[in-house]
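Asks: Okay, handing you the structure first.
What follows draws every value from the coordinates through simple rules; no lab data is involved. Remember, predicted model here, so these are calculated numbers, not experimental data. Please note: Cβ atoms are built from the backbone with ideal geometry, for glycine as well, and neighbour counts cover all protein chains shown.
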2 protein chains.
Amino acid sequence: MRVLGVDPGLTRCGVGVVEGVAGRPLTMIGVGVVRTPADAELSRRLLAVEQGIEAWLDEHRPEFVAVERVFSQHNVRTVMGTAQASAVAMLCAARRGIPVALHTPSEVKAAVTGSGRADKAQVGAMVTRLLRLAAPPKPADAADALALAICHIWRAPAQNRLQQAVALHTTHATKGRTA
Amino acid sequence: MRVLGVDPGLTRCGVGVVEGVAGRPLTMIGVGVVRTPADAELSRRLLAVEQGIEAWLDEHRPEFVAVERVFSQHNVRTVMGTAQASAVAMLCAARRGIPVALHTPSEVKAAVTGSGRADKAQVGAMVTRLLRLAAPPKPADAADALALAICHIWRAPAQNRLQQAVALHTTHATKGRTA
């Protein structure tokens, strides 16, 4: 199973691709950050995020996209941009019929460290260990994206297959309606 | 000048196209609502919003897109969906090099009624009068989308022309970087 994890953001959108199945060693396929200039217009920044995500989907062809679930109780100034960047990532996946899963930050932390309240350093350390990397991926957004992908792979495989079937079915139904 | 106004939302996304220039009678070209089912997955809903907005852009070829600026102090449960639907609308416009303007609800109300605190009925009544319609557009989201477009047309024309030039320039620059 190949999963693209996305830690959404306008300034830095973390992206990481992990391959593997639950109970077996995992492999990092790629990791990076899509950046957009803070002084650009919002619509141009969203376009740049789209182009970045599309490039990752083109190159790595993931079967699932796992996006961090955004909560509105976060920092009010940044949460809107995060919500909008996450919308772009979800949209790019949905257009290709790739199922999208949302995981909360505490679900992701609990998956890779055993504690939903782990700090960034602990998440980075576990991502490094689980993917057998030489050093923690930088910046933290990139490590978080990999943690999201790992979290997703470790979900119940049956649930993932069901979601994949539903997503493909819905894509065809939607296409039929708008044609 | 032809403007597509978008009142963003996942359940009901109001869309309205108005043509005209400041100081002259305005013409409504089209009005409607893009709806997505509340029980669908978020990524599929965003995809449906994109398909709806794309259809309106294809049919009406606006020179500007005016989107309501979303504030996080609104109802916390709905604001994330509104922010994400607005991201999709902005993205669709940016992909085509169409400049996007954001106007706050009070700017729009002040533009069409003279008061930033006007209620929905007052906005609907003024939209009906300004566009010489037989009855107020329903639902309110559709009337709000038309009000957004009117608000945009009444901005300083020089400012609009400048934004259009910048948007086109940026599109070409962005394309160059990613090619």
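Asks: Normalise the Cα radius of gyration of the protein assembly as shown by 2.2 N^0.38 Å (N = residues in it) and let me know the number.
Replies: Values: Rg = 21.5 Å, N = 358, 2.2 N^0.38 = 20.6 Å.
Its radius of gyration relative to the 2.2 N^0.38 Å reference: 1.04.
Asks: For chain A, what are Rg and Dmax over the alpha carbons, in angstrom?
Replies: Expressed in Å, the Cα Rg and Dmax of chain A come to 15.7, 50.
Asks: Using a 10 Å cut-off around each Cβ of peptide B:79-86, what is the average number of partner chain Cβ atoms that fall inside? Write out the running numbers ahead of the final one.
Replies: On the way: counts 4, 11, 2, 2, 10, 10, 2, 7.
Mean number of neighbouring Cβ atoms from other chains: 6.
Asks: Place a +1 charge on the Cβ of each Lys and Arg in the range A:18-124 and a -1 charge on the Cβ of each Asp and Glu, then give the dipole magnitude about the Cα centre in debye, rounded to the nearest 20. Let's see the in-between values first.
Replies: Numbers: 12 positive and 11 negative charges, 51 e Å.
The dipole magnitude comes to about 240 debye.
Asks: Calculate the mean, over all residues of peptide A:33-42, of how many other protein chain Cβ atoms lie within 10 angstrom of the residue's Cβ. Each step should come with its number before you reach the end.
Replies: Numbers: counts 0, 0, 0, 0, 0, 0, 0, 2, 10, 9.
Mean inter-chain Cβ contacts per residue within 10 Å come to 2.
Asks: Can you tally the net charge around A:P105? Count Lys and Arg as +1, Asp and Glu as -1, for every other residue whose Cβ sits under 14 Å from the Cβ of A:P105. Intermediate results must be reported in sequence, preceding the final value.
Replies: Working: positive: A:R69, A:K109, A:R117, A:K120; negative: A:D7, A:E68, A:E107, A:D119, A:D141, A:D144.
So the surrounding residues net to -2.
Asks: Taking B:R24 in one copy and the same position in all the others, each labelled 7 Å out along Cα→Cβ, what are the pairwise distances from the first, in nm, shortest first?
Replies: Label-point distances to the other copies, shortest first: 6.7 nm.
Asks: Sum -39500 (n - 2.57) across every DSSP H segment of at least 4 residues in chain B, then divide by the residue count to get the 222 nm mean residue ellipticity, nearest 500.
Replies: Details: 6 runs with 95 residues, N = 179.
When only DSSP H runs of four or more count, the value is -17500 deg cm²/dmol.
Asks: Under the convention of a label 7 Å out along Cα→Cβ, give the distances in nm from B:T104 to the same position in every other copy, shortest first.
Replies: 3.2
Asks: I've got another one for you. What is the distance in Å between the Cα centroid of the range A:79-120 and that of the range B:124-148?
Replies: With the range A:79-120 and the range B:124-148 each reduced to a Cα centre, they are spaced 39 Å.
Asks: Now for a different question. Could you size up the charge dipole of chain B around its Cα centre, putting +1 on the beta carbon of Lys and Arg and -1 on that of Asp and Glu, and report it in debye to the nearest 20?
Replies: Working: 21 positive and 14 negative charges, 60 e Å.
Dipole size: approximately 280 debye.
Asks: Amide H neighbours of A:I29 under 5 Å, at least 5 residues apart or on other chains, H built in the peptide plane: list them.
Replies: Excluding prolines and chain starts, which carry no amide H, the hits are A:V17, A:V18, A:E19.
Asks: If you put a point 7 Å past Cα along the Cβ direction, how far is that point for A:T11 from the same point in each other copy, in nm, smallest first?
Replies: 3.5
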